[in-house]
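Please treat every number below as a calculation from the coordinates, not as lab data. Everything numeric here is computed off the predicted structure, so don't read it as measured data. Here the Cβ is made from the backbone with ideal geometry for all residues, glycine too, and neighbour counts use every protein chain on show.
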C-alpha cells in the first residue's frame, strides 16, 4: 500500500448558506479520512463566478484540500464524491511534494513576476499621466484660439 500526495478542488453551490457549507466540508474531510487519508492542507478559496452555468448555478464556493491517501483508495473516493449531491464539481490530482529548494525557487520566481508587474503598472501610470497632460494642452490651445478670435474681432471693430 503506497501513499501518494493528492489535491482536491471541489465546488459547492451558492444555494447553501455559509453555515450549511461547514457540515458539507466536514463530510468531504471525513470521506478522505475514512478512506485512509490524512489531510495536510485546507484552503477556502471563497465564492467565485463560474465560466459557464453548472446545474443552473452561476456562482459557487471553492475549497481545496491537500492530502495523503493510499493509491488503491483513490478510485473509491472518486466514486463516493461523484454520488455526493452537495458537490457540484470536483477534481483530484496527484501533487508532487516540493523540496525546500523548489519552494525557494518558486518564491524567487513569484517575486520576479511581482517586480515585473509593478514595473508595468509604473509604466502604465506614466503613459496615463502623459495622456492627461496632452489633454490639458489641447484644452489650453482651444482656450487660446477663443482668445485670439476675440482679439481679432475687437481689432476689426477698431479699424
Give me the Debye-computed log₁₀ of I(q)/I(0) at q = 0.15, 0.20, 0.21 Å⁻¹ for the chain, equal point scatterers on Cα only, no solvent, two decimals.
-0.94, -1.20, -1.25
Just to confirm my numbers, what's the Cα centroid distance between segment 143-158 and segment 27-56 in Å?
74
0 to 90° range, to nearest 10: angle between helix 18-34 axis and the chain longest Cα axis
40
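Once you have the Kirkwood Rh of segment 3-97 from its Cα pairs, apply Stokes-Einstein at 37 °C and 0.692 mPa s and quote D in µm²/s.
Rounded to a whole number, D works out at 241 µm²/s.
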Can you sort 3, 83 so the residue with the fewest Cβ neighbours within 10 Å comes first?
83, 3
